[in-house]
Amino acid sequence: MELHELSAADIRNEVTSREVSAVDVAKAALARVAALDPKIKAFMHVNEALVLEVAKAVDEKIAAGNEAGKLAGVPVAVKDNMCTIGQPTTCSSKILQNFMPPYDAHVVERLRAEDAVIIGKTNLDEFAMGSSTENSGFFTTRNPWNLDRVPGGSSGGSAAAVAAGIVPLSIGSDTGGSIRQPAGFCSVYGMKPTYGRVSRYGLVAFASSLDQIGPFARNIVDTALLLEVLSKPDKRDSTCADLDVPPYCAEIEQAPEGLKIGIPKEYFGEGIEPDVEAAVCAAMEVYRDAGVELIDISLPHTEYAVATYYIVATAEASSNLARYDGVHYGHRSEQAGDIIEMYSASRAEGFGDEVKRRIMLGTFALSSGYYDAYYLRASKVRNLIKMDFDAAFEKVDCILCPTSPTEPFKIGDRTDDPLQMYLSDVLTIPTNLAGLPGISIPCGFTKGGLPVGMQILGKQFDETTILRAAKVFEDRTDHHKKRPEIM
């Protein structure tokens with residue numbers, strides 16, 4: 001088996017036992033970048049010399065007899081909206097094109113502490129605003145399963161890098177589905193933890209009450225491993241919960257007894273493509289055969305989730321992105337006479353169309369005379385959506401549904417129709433509004449050979465149950481073992 005085919009857990013075991021060196025693993029990943037990334041365009045930035053320097057240090061640490069970290073020698077990719085010392089953090093935006101952070105994000109610190117080898121920074125929709133990675137300020141990432149299709153977004157680069165076998169692990173951020181939707185489109189695992197489980201320190205903010213960082217992987221054990229690494233409490237983020245981190249890798253080996261899974265009627269039917277619904281229904285039969293009880297449930301306020309999200313998220317984005325004014329850091333326009341013109345020109349030149357659209361929507365929703373009608377009302381509906389989930393979890397342990405209503409769509413199909421693009425996340429958004437954990441796992445393919453993802457949603461801070469539920473499915477299927485043939 002070639003090095004790029006190994007799981008993260010296997011790489012760590014082989015590196016720590018010195019059967020293979022971290023340098024050799026890193027070189028294999030860099031070779032995959034050179035061979036495949038010109039076609040896929042998953043990476044924004046790769047510093048080959050730095051990668052090999054870090055890998056060499058891991059080998060020297062092991063050779064000296066020191067205890068190696070949980071990700072020793074494992075190649076990992078990082079979404080380019082998380083700060084990294086020594087590498088640019090652009091958010092795929094021209095306004096931050098030359099920004100070099102003076103510190104690491106908490107999750108990057110955690111990767112380094114556990115001896116991971118960060119291969120590079122991955123492409124995204126600008127400031128994480130999008131569902132296809134077509135809104136990047138620099139280039140579009142392509143789906144490894146079909147280069148004419150989108151990989152999903154906004155963490156499309158992170159998902160594509162794992163699907164293509166460039167790295168076994170990557171991290172992304174999920175504000176309205178930006179980990180789970182690309183994971184579904186690329187047939188990999190993608191998990192959004194409970195809001196507050198993983199520190200957001202060093203994550204460039206989009207919508208602060210919704211953003212959450214999480215892992216991508218090719219199997220459930222690797223997903224649990226990376227989640228365990230990322231989840232250490234951090235006082236620098238006031239929303240990060242001061243909770244012990246469960247031993248996820250050990251806990252998922254315990255079969256969930258008497259598991260009850262809810263099937264929400266609002267997530268099926270109109271708008272769901274037949275091949276997607278068929279794949280998820282087939283997955284339900286796998287669970288029934290495993291002795292899992294499936295229970296019909298209702299989440300009645302689901303229909304209001306998209307409208308609620310695009311008020312809350314854009315309002316918070318308007319506030320968060322006000323700091324990009326051409327003064328402290330980032331792009332400053334040369335076409336300006338006075339300071340007001342400089343602010344205006346810098347933002348007009350630096351932000352892309354989708355970011356401008358969301359800033360304007362959010363500014364309007366927060367403006368005098370409209371706050372109560374929009375943001376305040378949306379906050380109340382958000383609470384109703386959370387109450388729907390609370391009621392459902394009194395009857396079931398977790399919830400099962402499609403990740404996306406459609407198969408991966410063609411590049412360019414939705415760029416001129418923002419509303420259709422927004423509806424790509426109709427099944428993932430409610431989880432963010434409620435602050436709950438969710439995972440997308442591979443559950444089959446369409447008749448045309450395109451991936452279908454399935455979500456498992458869980459109770460607050462109960463990532464263990466959804467990981468166990470995902471493993472029940474993984475143990476009985478082989479969808480996760482299939483790999484794209486990149487032409």
Gyration tensor on Cα atoms of the stretch 191-278, a ≥ b ≥ c root eigenvalues, a/c under 1.5 rounded, else prolate if a/b beats b/c, else oblate, says oblate
Under unit Cβ charges (Lys, Arg +1; Asp, Glu -1), what dipole magnitude, rounded to 20 debye, does the stretch 378-466 have relative to its Cα centre? 80
Determine which lysines satisfy two conditions relative to Lys27: a Cα distance under 16 Å, and not lying fewer than 8 residues away in the same chain. Lys56
So how compact is the stretch 1-158: Cα radius of gyration and Dmax in angstrom? 15.9, 48
Ranking Val286, Val107 by Cβ neighbours within 10 Å, fewest first, what do you get? Val286, Val107
Pairs Lys265/Lys386; Lys41/Lys61; Lys260/Lys471; Lys94/Lys235; Lys386/Lys447; Lys94/Lys121: which are spaced more than 25 Å apart, C-alpha to C-alpha? Lys41/Lys61; Lys94/Lys235; Lys386/Lys447
Mind checking which lysines have their Cα closer than 21 Å to the Cα of Lys232? Skip sequence neighbours fewer than 8 apart in that chain. Lys70, Lys79, Lys192, Lys459
Just round it to a whole percent: the fraction of Cα-Cα distances in the chain exceeding 43 Å. 10
Sorted by Cβ density within 10 Å, fewest first, the residues Ile411, Ile11, Ile295: Ile295, Ile411, Ile11
In terms of the charge dipole of the chain, which places +1 on Lys and Arg and -1 on Asp and Glu at the beta carbon, the residue among Ala470, Thr431, Cys401 farthest towards the positive end is Thr431
Taking neighbour counts of Cβ atoms within 10 Å as a proxy for exposure, in what order, fewest first, do Arg468, Arg347, Arg332, Arg483 appear? Arg483, Arg332, Arg347, Arg468
For the stretch 36-97, what does the alpha-carbon gyration tensor say about shape, rounded, prolate or oblate, given a ≥ b ≥ c as the root eigenvalues, a/c under 1.5 as rounded, and a/b over b/c as prolate? prolate
Taking the alpha-carbon centre of each part, the distance from the stretch 436-481 to the stretch 1-76 in Å is 27
A student applying the Cα gyration tensor rule (rounded when a/c is under 1.5; otherwise prolate if a/b is larger than b/c, oblate if not) would label the stretch 331-487 oblate
What lysines does Lys380 reach when the alpha-carbon gap must be under 18 Å and sequence neighbours fewer than 8 apart in one chain are set aside? none
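No lab work stands behind these numbers, since they all come straight from the coordinates. Here the structure is a predicted model, which means the values were calculated and not measured. All Cβ positions, glycine included, derive from the backbone under ideal geometry; neighbour counts span all protein chains shown.
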